[in-house]
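**Student:** Take this structure first; my questions come after.
The values are calculated or read from the model by the stated rules, or taken from the named source; none is laboratory data. Remember, it's a predicted structure, so these values are computed and weren't measured experimentally. Every residue, glycine as well, gets a Cβ built from its backbone with ideal geometry; the counts of neighbours run over all protein chains shown. Note: accessible area is taken over every heavy atom of the protein model, side chains too, but ligands, DNA and RNA are not part of it. Shrake-Rupley method; radii C 1.70, N 1.55, O 1.52, S 1.80 Å.
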Amino acid sequence: MTLDSKIPEGKLEDKWSNYQLNSQLINPANKKKLNIIVVGSGLAGAGAASTLAELGYDVQCFCYQDSARRAHSVAAQGGINAAKNYQHDGDSVYRMFYDTLKGGDFRSREANTYRLAQLSAPLIDHFVQQGVPFAREYGGTLVNRSFGGVQVQRTFYARGQTGQQLLLAAYSQLYKMVRAKKVKMYPRHEMLDLVVIEGKAKGIITRDLVTGELKRFAADAVVLATGGYSRVFRLSTLAVGCNGSAIWKAHKKGAFFAAPSFTQIHPTALPQTSEAQSKLTLMSESLRNDGRIWVPKQKGDPRKANDIPEEDRDYYLERRYPSFGNLAPRDIASRAAKERIDAGYGCGKLNNAVYLDFKTAIDKLGLETIKDRYGNLFSMYQKITGIDAYKEPMQISPAAHFSMGGLWVDYELMTSIPGLYAIGECNFSDHGANRLGANSLLQASIDGYFILPNTINNYLASEMKVDRPDTSHPEFEKSELETSQHIDKLLAINGSKTVGHFHRVLGKVMWQECAMSRNRSGLEKAIVQIKAIRDQFWSDVKITGGKDELNTELEKALRLADFIELGILMCMDALEREESCGAHFREEFQTEDGEAVRKDQNFSYVSAWEFEKGNFKLHKEELFFEFVKPSIRSYK
Amino acid sequence: MKIKFKIWRQEGPEDKGAIKEYTVNDLTEEMSFLEALDHLNEQLVLKNEEVIAFEHDCREGICGQCGVFINGRAHGPINNITTCQLHMRSFNDGDTIFVEPWRAKSFPVIKDLIVDRSAFDRIIEHGAFISTNTGSAPEANALPIPKAVAESAMDAASCIGCGACVATCKNSSAALFTSAKINHLNNLPQGKAEEHKRVEEMTAQMDIEGFGSCTFTGACEVECPENISIVNIAEMHARLMKAKILG
């Protein structure tokens, strides 16, 4: 099978409108005859579900939480980028496109990335109209701030709760359509399998998390909007329930998985403090606008942060990257922190953190300004650590965060299974090997509100002639039976170790070998170790409770079984890519001063893995740079 | 730390339920309260017992999914935080901790500490939105909104929908939740077109769901993780009066 990215003809700025001109339409009366399943209700899922319903489609939307409002988009703090050039600082669609492409280390498609920047400005209009209370100037116009990897101010924000405000807007619009009976919402339902009939996605199998009942849902198209999979590391900035199961099941049914190993490690999370820790809380990158990152110059300096004088501090980002300083992109900032921590300069109880210091900013701008900008982040920090960061520096540490990898999609956001779409974080499209800050809310929203509702017609127009299969179709029968057997098999093991135990073991291997820095022997070893974890899990896991009831242990076990398999593929992908690019840093490929060495001659492609009877087969989508010449990323 | 937990166990909505006692010896101060429950659950699995069902997701105080009564207080002994932000350092070695689900008729228990808060979603369905379709928005800076207005809308909009306000209220009133959403939207110029309809429909739905009336004790704002003020409730009542006269 060849991978056709379906990039439209024309100049970069005309591609999207050319696409829309040539795309098939469906008349409003016919739309209501078509049913679309949307799995996930975050910014991408809720945006898509409500917009598709507004257009007239019959929509069914699913989420595992008790309400769509809990989806993890809610936790994004810092903001959303848009090329409005409100700050008159030289921003433009092209500059935003270039920054994003460069930030991703030239491992994404030009056309997709350009469209992301192109649609960013109308998205802000859209959210303002929905009632998102973005930060304002005294005169009433919108405020912007900077984020890592760029030198203009294009980030819109609502205090440190931007994701929450955007999600609640999307959730409100979704429930508006629920009330209008255009969307049927299924909370506390988890997708456990994809149903493919005659090569096309036609439905899903879900488990009702309250009763345990397996249910079948048929549709004319299926949209996955299930978010990222960084919980494969166990400790991550993600919500505890976030998982990769929906996309993994789709992968096993034929959807290609692109760049699985591209995982962003966020530089500013709170450090781990104990073995029992369940998550690493993120502190927004926006803090790097005013915070300065440093470690002591002396290894294991026993003094308290405030007692260490200026001359004994190493502001290592400012030292190594003078032009971007504390606003270097995330991959670079994370690796630089790891380098200092590994070299023995880490601070905190477990020597696993670096300082993020606001003293200079408070002296210069005043306490009130800092409170106004970051008040809720400081209070969150205090709630979790008990420390007042207005008085002493925060302690931060890198943590697994965003999945740039995901299901391979073409320009229409369709996966390699016709009729199956992937939107938001669960696809691989716009961010390449590293995502810029405040581009995540953007991509999720644009995929859901603007792109998918314009591309799905092109497929559904031809599906109009085909009858939607009934849920009694043998493929539904088969999928449900397999799911049910999978659950029975898990419950029957009755071993001696908890699901949590296996997740901790998997997380340690993944963090050690497949996170910020990777090498051949480590990855080869990791694959062997994860296969052993898989065997132990399937022979020794213990789950109490039954399948026909609310059973949180069973939910965890089902998700972990998929994470284990995904972990193997992530390591294989990282092993195969013999270069360093963006967040993927192979120790064998670095300059003398520790910067990444990209190998464009051999690796300027998107890896897309096919599941083949338990093995993974690599396909390559070559990346063509027609408009931009890939350069060596320098933030010095 | 050694802690004796007394936890509400209830198999389903029809089950009567009872407090059960569990002692855990090896907790640490760094653990969050929910991590302590995780730890207890792992021990229960190894003893072949069913785990305690509780809700949680983001574990950073923003999704609003967690929430239990701890020693008789919604979200535990500290004001204005979520359950996931509570840490064991707030307790002493040897303490006994009572853990119960939210108590309100409109939040029926599903299992153990999990309750059904879908009544909140139905209140939202009844007007907590601005009726514009995707694609029809004017340029964002075309409508300047004074900073003070945006800030006050944001204060109200920060509600995470956890339900602590209802759970802690002696009348199980949803007035804080409902008023916060109404004031967020009605404060903004974009929300004006539907302001009267919104306040009437949302408050009516609040009654249909069986939430009690607000008697202004102020208990809710003590527990609200986002510090949402009860001034919102007074404002909602004023808006409702206005809607009834003008709407």
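**Student:** Would you list, by chain and number, the lysines whose Cα falls below 16 Å from the Cα of A:LYS253, excluding same-chain residues fewer than 8 positions away?
**Tutor:** A:LYS253 reaches A:LYS200, A:LYS202, A:LYS478, A:LYS613, A:LYS617.
**Student:** Okay, moving on. Where does the protein assembly as shown land at 222 nm, in deg cm²/dmol rounded to the nearest 500, when only DSSP H runs of n ≥ 4 count, each adding -39500 (n - 2.57), divided by all residues?
**Tutor:** -11000 deg cm²/dmol
**Student:** Right, something else. Using Cα pairs closer than 8 Å and at least 6 residues apart in sequence, work out the relative contact order for the range A:539-633, in percent.
**Tutor:** Worked out over the range A:539-633, it gives 14 percent.
**Student:** Ok, one more. Which cross-chain or sequence-distant (5 or more) residues have an amide H under 5 Å from the amide H of B:ILE97, H modelled 1.01 Å from N in plane?
**Tutor:** Answer set, sorted by chain and number: B:LYS4, B:PHE5, B:LYS6.
**Student:** Quote the total accessible area buried by chains A and B together, excluding ligands, DNA and RNA, probe 1.4 Å, nearest 100 Å².
**Tutor:** 6500
**Student:** Now a separate question. Pick out, in residue order, every one of the trypsin sites (Lys or Arg not before Pro) in the range A:353-462 that is DSSP loop and has at most 12 other C-beta atoms within 10 Å; say none if there are none.
**Tutor:** Those satisfying the criteria are A:LYS391.
**Student:** Related question: Could you sort out which of A:LYS547/B:LYS2; A:LYS31/A:LYS184; A:LYS252/A:LYS489 sit more than 22 Å apart by Cα distance in this structure?
**Tutor:** Violating the 22 Å Cα-Cα cut-off are A:LYS547/B:LYS2.
**Student:** Right, here's the next one. Between the range A:455-470 and the range A:290-332, how far is it from one alpha carbon centroid to the other, in angstrom?
**Tutor:** 57
**Student:** A follow-up question, please. Let me check I've understood the local charge: for A:GLY47, count other residues with C-beta under 15 angstrom from its C-beta, Lys and Arg +1, Asp and Glu -1. What total comes out?
**Tutor:** -1
**Student:** ³J(HN,Hα) across the range A:486-495 via Karplus (A = 6.51, B = -1.76, C = 1.60, θ = phi - 60°), whole Hz, x for Gly/Pro?
**Tutor:** Along the range A:486-495, the couplings run 4, 5, 4, 4, 4, 5, 6, 4, 6, x Hz.
**Student:** How many angstrom separate the Cα center of the range B:142-184 from the Cα center of the range A:537-592?
**Tutor:** Cα centroid of the range B:142-184 versus Cα centroid of the range A:537-592: 40 Å apart.
**Student:** Tally the DSSP beta bridges in the protein assembly as shown and give the antiparallel ones as a percent, rounded to 5.
**Tutor:** Of the beta bridges lying entirely in the protein assembly as shown, close to 70 percent run antiparallel.
**Student:** Separate question: In the protein assembly as shown, if the dipole is taken from +1 on Lys/Arg beta carbons and -1 on Asp/Glu beta carbons about the Cα centre, which of A:VAL128, A:THR141, A:LEU194 is farthest to the positive end?
**Tutor:** Ranked along the dipole, the leading option is A:THR141.
**Student:** Each residue of the range A:9-19 in order: what ³J(HN,Hα) in whole Hz does its phi give by Karplus 6.51 cos²θ - 1.76 cosθ + 1.60, θ = phi - 60°, with x for Gly and Pro?
**Tutor:** Values per residue, Gly and Pro as x: 5, x, 5, 3, 6, 9, 4, 5, 6, 4, 4 Hz.
**Student:** Still on this structure, please answer the following. With a cut-off of at most 11 other beta carbons within 10 Å, and DSSP calling the residue loop, which GluC sites (Glu not before Pro) in the range B:1-60 qualify? Please list them.
**Tutor:** The qualifying sites are B:GLU14.
**Student:** I would also like to ask the following. Over the Cα atoms of chain A, compute the convex hull volume and normalise it per residue, giving Å³.
**Tutor:** Roughly 150 Å³ of hull volume per residue.
**Student:** Ok, one more. Could you pull out every one of the lysines with an alpha carbon less than 20 Å from that of A:LYS371, ignoring same-chain neighbours closer than 8 positions?
**Tutor:** A:LYS359, A:LYS383, A:LYS391, B:LYS147
**Student:** Now for a different question. May I ask you to give the percent of accessible area on the protein assembly as shown that is carbon plus sulfur, with a probe radius of 1.4 Å?
**Tutor:** Taking all protein chains in place, the protein assembly as shown shows 50 percent carbon and sulfur surface.
**Student:** Taking chain A as the reference, fit the longest principal axis to its C-alpha atoms, fit the long axis of helix A:93-103 to the helix C-alpha atoms, and give the angle between the two in degrees, 0 to 90, nearest 10.
**Tutor:** Once rounded, one gets 80 degrees.
**Student:** Can you pull the one-decimal nm distance between simple spin-label points at A:ASP14 and A:ASP548, each 7 Å off the Cα toward Cβ?
**Tutor:** So the two model labels end up 6.4 nm from each other.
**Student:** Quick one, what does Rg over Rh come out to for the range A:195-271 if you take C-alpha atoms and the Kirkwood Rh?
**Tutor:** Rg/Rh: 1.04.
**Student:** Leaving ligands and nucleic acids out of the surface, order A:TYR345, A:TYR94 by accessible area at 1.4 Å, largest first.
**Tutor:** Accessible-area ranking of A:TYR345, A:TYR94, largest first: A:TYR94, A:TYR345.
**Student:** Let me ask you something else. Rounded to the nearest Å, what's the spacing between the alpha carbon centres of the range A:102-174 and the range B:1-44? Just the number, please.
**Tutor:** About 42 Å separates the Cα centre of the range A:102-174 from the one of the range B:1-44.
**Student:** Report, to the nearest 10°, how far helix A:330-340 tilts away from the longest principal axis of the Cα atoms in chain A, using its own Cα long axis and a range of 0 to 90°.
**Tutor:** Approximately 50 degrees, to the nearest ten.
**Student:** Which value, in debye to the nearest 20, gives the size of the charge dipole of the range A:267-400 about its Cα centre, when Lys and Arg are +1 and Asp and Glu are -1 at the Cβ?
**Tutor:** Value, rounded to 20: 220 debye.
**Student:** Scan the range A:602-636 for GluC sites (Glu not before Pro) in coil per DSSP, keeping those whose Cβ has at most 12 other Cβ atoms within 10 Å, and list them by number.
**Tutor:** Here the sparse-neighbourhood loop sites are A:GLU626.
**Student:** Amide H neighbours of A:LEU407 under 5 Å, counting only residues 5+ apart in sequence or on other chains, H built in-plane at 1.01 Å?
**Tutor:** When sequence neighbours closer than 5 places are left aside, the close amide H contacts are A:ALA258, A:ASN427, A:PHE428.
**Student:** Just going by the charge dipole of the range B:117-246, with Lys and Arg at +1 and Asp and Glu at -1 on Cβ, which of B:ALA164, B:ILE208, B:LEU143 is farthest out on the positive end?
**Tutor:** Looking along the dipole axis, the top candidate is B:ILE208.
**Student:** Please determine, in degrees from 0 to 90 and to the nearest 10, the orientation of helix A:120-129 with respect to the longest principal axis defined by the Cα atoms of chain A, where the helix direction is its Cα long axis.
**Tutor:** Roughly 80 degrees between the two axes.
**Student:** Just to check I understand the Karplus step: with θ = phi - 60° and J = 6.51 cos²θ - 1.76 cosθ + 1.60, what whole-Hz values come out for the range A:307-315, glycine and proline as x?
**Tutor:** Couplings: 8, 8, x, 2, 5, 9, 10, 10, 7 Hz.
**Student:** Based only on the alpha carbon positions, what is the Kirkwood hydrodynamic radius of the range A:20-86, in angstrom?
**Tutor:** So the Kirkwood estimate lands at 14.1 Å.
**Student:** Calculated FRET efficiency, B:LYS147 and A:PHE625, Cβ-Cβ r, R0 56 Å, to nearest 0.05?
**Tutor:** 0.85
**Student:** Also: Under 20 Å between alpha carbons, and skipping anything fewer than 8 positions from A:LYS338 in its own chain: which lysines qualify?
**Tutor:** Those lysines meeting the cut-off are A:LYS279, A:LYS297, A:LYS299, A:LYS349, A:LYS508, A:LYS636.
**Student:** Roughly what % antiparallel, to the nearest 5, for the DSSP beta bridges in chain B?
**Tutor:** Of all bridge pairs located within chain B, approximately 75 percent are antiparallel.
**Student:** Given A:LYS32/B:LYS197; A:LYS6/B:LYS192; A:LYS182/B:LYS197, which pairs have Cα atoms separated by over 32 Å?
**Tutor:** Violating the 32 Å Cα-Cα cut-off are A:LYS6/B:LYS192.
**Student:** B:ARG9's amide H: which non-local residues (gap 5+, or another chain) put their own amide H closer than 5 Å, with H modeled 1.01 Å from N in plane and none for Pro or chain starts?
**Tutor:** HN-HN under 5 Å from B:ARG9: B:ALA18, B:ILE19, B:LYS20.
**Student:** Continuing with the same structure: Between B:LYS2 and B:ASP26, what is 0.36 nm times their sequence separation minus the Cα-Cα distance? Round to one decimal in nm.
**Tutor:** Result for the pair: 8.0 nm of gain on full extension.
**Student:** Once the Cβ-Cβ distance between A:ILE387 and A:GLU578 is put in as r, and R0 is 35 Å, what FRET efficiency do you end up with, to the nearest 0.05?
**Tutor:** 0.25
**Student:** If I take R0 = 25 Å and measure r between the Cβ atoms of A:GLN298 and A:THR360 in this structure, what FRET efficiency does the formula 1/(1 + (r/R0)^6) give, to the nearest 0.05?
**Tutor:** Taking R0 as 25 Å, the efficiency between A:GLN298 and A:THR360 is 0.75.
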